[in-house]
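Only the coordinates and a few stated rules stand behind these numbers; no lab work does. Every value quoted in this text rests on a predicted model; they were computed, and no experiment measured them. All Cβ positions, even for glycine, are placed from backbone atoms using ideal geometry, and neighbour counts span all protein chains on display.
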């Protein structure tokens, strides 16, 4: 196989508010933790076991501003992106590593809040960090019930 793939897809709940950092050139970056849960039954004991995995999400520019505006702690969100490991040094000079999800696409899955309309789907472009024009509007649900499909 000649090609490679670095792709992550997560559905989870935010563990905190989006922390923003703004740069001099007008760019911005938002960071927040995302929790995913795994539940299974232990075959030997028969008891249910639940594990929570925490992921560090990084979103940039317009996508970060949208996340900051609409995402609150505990909201359910779909995240798509790629893994990125950063190397840095702590106060003692030891090398430390941090693995993050560089978000390229996200969809809010929690219901709309009373404070304002929340877009149901938002996409961040990898190169420019801008939300495409067709994704900026809020999608209105179709209220007609002409068929009996459950979705």
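Here are the numbers for the structure shown:
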{"read-out": "Conditions (1) within 18 Å of residue 109 (Cα to Cα); (2) buried (at least 17 other Cβ atoms within 10 Å of the Cβ); (3) out of contact with any strand residue (DSSP E or B) (no Cβ under 7 Å at 6 or more places or on another chain): number failed by residue 10", "value": "(3)"}
{"read-out": "Tally of residues being over 13 Å from the mean Cα position of the chain (by Cα), in a strand (DSSP E or B) and either surrounded by 11 or more Cβ atoms within 10 Å (Cβ to Cβ) or in contact (Cβ under 8 Å) with a residue 40 or more places away in the chain (or both) across region 58-100", "value": "4"}
{"read-out": "Selection within region 24-57 - in a loop (DSSP other than H, G, I, E, B) and either under 20 Å from residue 75 (Cβ atoms) or out of contact with any helix residue (DSSP H, G or I) (no Cβ under 9 Å at 6 or more places or on another chain) (or both)", "value": "24, 25, 42, 43, 44, 45, 46, 47"}
{"read-out": "Selection count where residues are under 14 Å from residue 59 (Cα atoms) and touching a residue at least 12 places away in the same chain (Cβ under 8 Å), scope region 11-35", "value": "13"}
